[in-house]
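The values are calculated or read from the model by the stated rules, or taken from the named source; none is laboratory data. Note that this is a predicted model, so its numbers are computed, not measured. Virtual Cβ from ideal backbone geometry, glycine too; neighbours counted across all protein chains shown. The protein model used for the area step is the full one, side chains on, heavy atoms only, and it has no ligands, DNA or RNA in it. Shrake-Rupley method; radii C 1.70, N 1.55, O 1.52, S 1.80 Å.
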Amino acid sequence: MEENNKKKVVLSGIRSTGNLHLGNYYGALSKFLRMQDDFDCRFFIADLHALTTNPDPKQLHESVKNILAEYLAAGLDPEKNILYVQSDIPEISEMYLLLNMHVGIGELMRTASFKDKARKALGITSDSDEIEKEIIGNQTSNQRVNAGLLTYPTLMAVDILIHHADYVPVGKDQEQHLELTRRFARRFNSFYKTDYFGEPVNFNFGGEALKVPGLDGSGKMGKSEGNCIYLIDDEKTLRKKVMRAVTDEGPKTPNQLVSQPVENLFTLMDIVSGKDVTDHYRQAYADCSIRYGDMKKQLAEDILKVTLPIRERILDIRSNDEYLSKVVRNGAERARAYAADTLKDVREIMGIRKI
């Protein structure tokens, strides 16, 4: 199938675990909105990836619908983009099997994300270089690391390569997986003496990737950290979250170093309020006149200006099952056309042909 007007292909997906938060919006969705007119964009909901954590089936289904509604409410146009659910493209699963034949267990076990998630799953606190042995030795009937988690990078590579994506916007935590995708593409090409797969690159509009901090005083905003402001949060819930955000006891001397929790709030203000507002409160911190209550009220107001219109659209779209089904049906049809072509070529290259 011919590429859409020969535009560069951009691909990105998000796991169907819970709702989208402010970090997702500013870290990814706002960038997608800028891309959808100039690139051939294909955005998907990664429900197969979500299976690595064995989610409740009903919750998984609801999460897929929620994220789709949030994608649409944030402004992604299903006419301009291909929006689809990963599991609706069976070609992905078959190519996942085929590509795994060229992926080594050792290189998968050495990925940082696998080690981290395996440690958490098994309750291992050691930072030993022998973590692979510890993971294998700690498997029990009730506590195990599933093979899907191990081969997560292969599935991610297939998501990308099956569309011959040129650009894949990823954060720092996914850069190693993107490098593995390039490695797998080179290996496939080398083994079969072809140049079939290109090597996708990261895309972030230049400069550093935006890191949206959480409300707990440390790290970035993330679902698993419990420090999020969700796009679906109502006004009361959002205000309460912001007012409870971690700060410190306040500056004691002029121009003292800003603590990390307060710096996080300044960063959030830079994102949603603007430089002038942040500068005002930074000056108040510097001269020891800052009142955190006033700062948090301002921050909550400015976040609500962004999220409440999106929330209203989410609720409207989420209640329209017919529209949601139409979007994913059309998206799957368009995505499968590309995926089927790639899978057909891969089978042919690998020698899997009908007799």
(request) Return yes or no: is A50 farther than 18 Å from R334 by Cα, in contact with a Lys or Arg (Cβ under 8 Å, 6 or more places away or on another chain) and either without any contact (Cβ under 8 Å) to a residue 60 or more places away in the chain or surrounded by 18 or more Cβ atoms within 10 Å (Cβ to Cβ) (or both)? (result) yes
(request) Check segment 191-209 and report whether any residue there is buried (at least 16 other Cβ atoms within 10 Å of the Cβ), of a type in the set (S, T, N, Q) and modelled with pLDDT of 95 or more. (result) no
(request) Taking the residues in segment 216-243 that are open to solvent by 20 Å² or more (accessible area, probe 1.4 Å) and at pLDDT below 95 as candidates, determine which candidate is farthest from R318 (Cα to Cα). (result) S218
(message) open to solvent by 30 Å² or more (accessible area, probe 1.4 Å), farther than 18 Å from A74 by Cα and either in a helix (DSSP H, G or I) or touching a residue at least 12 places away in the same chain (Cβ under 8 Å) (or both): is that true of V246 in this structure?
(response) yes
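Identify, from the list K8, K58, the residue that is of a type in the set (K, R), surrounded by fewer than 20 Cβ atoms within 10 Å (Cβ to Cβ), over 12 Å from the mean Cα position of the chain (by Cα) and farther than 16 Å from I160 by Cα. Step through it out loud before you land on a result.
Working: K8 fails: farther than 16 Å from I160 by Cα.
Of K8, K58, the one residue that is of a type in the set (K, R), surrounded by fewer than 20 Cβ atoms within 10 Å (Cβ to Cβ), over 12 Å from the mean Cα position of the chain (by Cα) and farther than 16 Å from I160 by Cα is K58.
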(request) Among the residues of segment 264-284, count how many are out of contact with any helix residue (DSSP H, G or I) (no Cβ under 7 Å at 6 or more places or on another chain) and either touching a residue at least 40 places away in the same chain (Cβ under 8 Å) or buried (at least 19 other Cβ atoms within 10 Å of the Cβ) (or both). (result) 2
(request) Enumerate the pairs (first residue in segment 166-187 and within 19 Å of C41 (Cα to Cα); second residue anywhere and open to solvent by 70 Å² or more (accessible area, probe 1.4 Å)) with beta-carbon separation below 6 Å, excluding pairs fewer than 6 apart on the same chain, so at least 6 apart or on different chains. (result) D166/K8
